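Undergrad: To start, I am sharing the structure in question, which I have written as structure tokens.
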Amino acid sequence: MTKKIAVLHTSFVFLNTELVFQNLFKELLPGVEIIDFVDGTVLADVRKAGTVQSSHIRRMCHLAQAAQDAGADLIFSACSSLGPSMDVARKLVDIPVIKIDDPMTKKAVQLGSKIGLMATVPTTLPPTEDLLHFWAADAGKKVEVKQHLCQGAFDVLMSGNREGHDKMVLDGALLLAPQVDLIVLAQASMSRLAPMLMQETGKTVLSSPRLAVEYLSTLIEKM
């Protein structure tokens, strides 16, 4: 029987603008049925509020429950900012729930002690840093996390100006690189820039999509 993965989205960016996940699913999960569940405004509402609130958590939990009701074998949350809501969702469904940043943050802790964390949306930074410290504690290790927000870059990307967005991210990476061992890109929307940023900064640059989908592949194979 074909396995089903439900992907929870908090905007339409990965369906309309950045097709990184669609391409990775075709490459790494060719025999798996992907079901997309979208709350197209919840991320925008989190950004307006400045933090994840109980109403946002409820909305994400409703998506997770709908995914289970649709017959999904596994839930994949594609949003970093709403990652904390998945801790609640795990208590409400009977299928595995995977956060996009789990594999990336775990690997980052293995590779360095001074970790640069870049984002274009401010609400992404706290949950991703929390994950870095979680995996560090799990490994019995201390890490220092230095954040850098590329203020306004996400809005530039959503306006269709990829070039402007990319320059803002590169400028941020060049500022951050001399202070850290490696750089973590806190949002999947930045992931296509990782090879260029590695070349320009000389640092290892980790992004979440491929690492996450590779992890999903291993989980599906065990089911």
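Undergrad: Please give the contour-minus-distance gain from D45 to L219: 0.36 nm per residue of separation, less the Cα-Cα distance, rounded to one decimal in nm.
TA: So the extension gain works out to 59.4 nm.
Undergrad: Follow-up question, since we're still on this one. Run down the aspartates and glutamates and flag those whose C-alpha is under 16 Å from the C-alpha of K167, throwing out any fewer than 8 positions away in its chain.
TA: Filter leaves D155, E200.
Undergrad: On a straight-distance basis, which aspartates and glutamates could pair with K222 in a cross-link, Cα separation under 18 angstrom, same-chain partners fewer than 8 positions away excluded?
TA: E33, D73, D94, E214
Undergrad: Taking 0.36 nm per residue of sequence separation and subtracting the Cα-Cα distance, how much length would be gained by fully extending the chain between H62 and Q22, in nm to one decimal?
TA: 12.1 nm
Undergrad: Given the rule -39500 (n - 2.57) for each run of at least 4 DSSP H residues, summed and divided by the residues of the chain, what is its mean residue ellipticity at 222 nm, to the nearest 500 deg cm²/dmol?
TA: When only DSSP H runs of four or more count, the value is -14500 deg cm²/dmol.
Undergrad: So for the chain, Kirkwood radius off the Cα pairs, Stokes-Einstein at 25 °C and 0.890 mPa s: how many µm² s⁻¹?
TA: The diffusion coefficient I find is 139 µm²/s.
Undergrad: Please go through the residue pairs K99/K142; K48/K203; K3/K91; K48/K142; K48/K106; K26/K48 and name each one whose alpha carbons sit more than 24 Å apart in this structure.
TA: Check vs 24 Å cut-off fails for K48/K203; K48/K142; K48/K106; K26/K48.
Undergrad: Packing-wise, with mean Cβ within 10 Å as the measure, how do 177-183, 72-78, 195-201 rank, highest first?
TA: Ranking, from highest mean packing down: 72-78, 177-183, 195-201.
Undergrad: For the stretch 102-207, what size does the Cα cloud have along each of its three principal axes, sorted from largest down, in whole Å?
TA: Rounded to whole Å, the extents work out to 43, 27, 19 Å.
Undergrad: Per 0.36 nm of contour for each residue apart, how much would the distance between K91 and R162 grow if the chain were fully extended, relative to their Cα-Cα spacing?
TA: Working it through step by step, the gained length comes to 21.7 nm.
Each value in this text was obtained by applying a stated rule to the coordinates, not by laboratory testing. It should be emphasised that the depicted structure is a prediction, and the values quoted were computed from it without experimental measurement. Ideal geometry is used to build each Cβ from the backbone, glycine not excepted, and the neighbour counts take in all protein chains shown.
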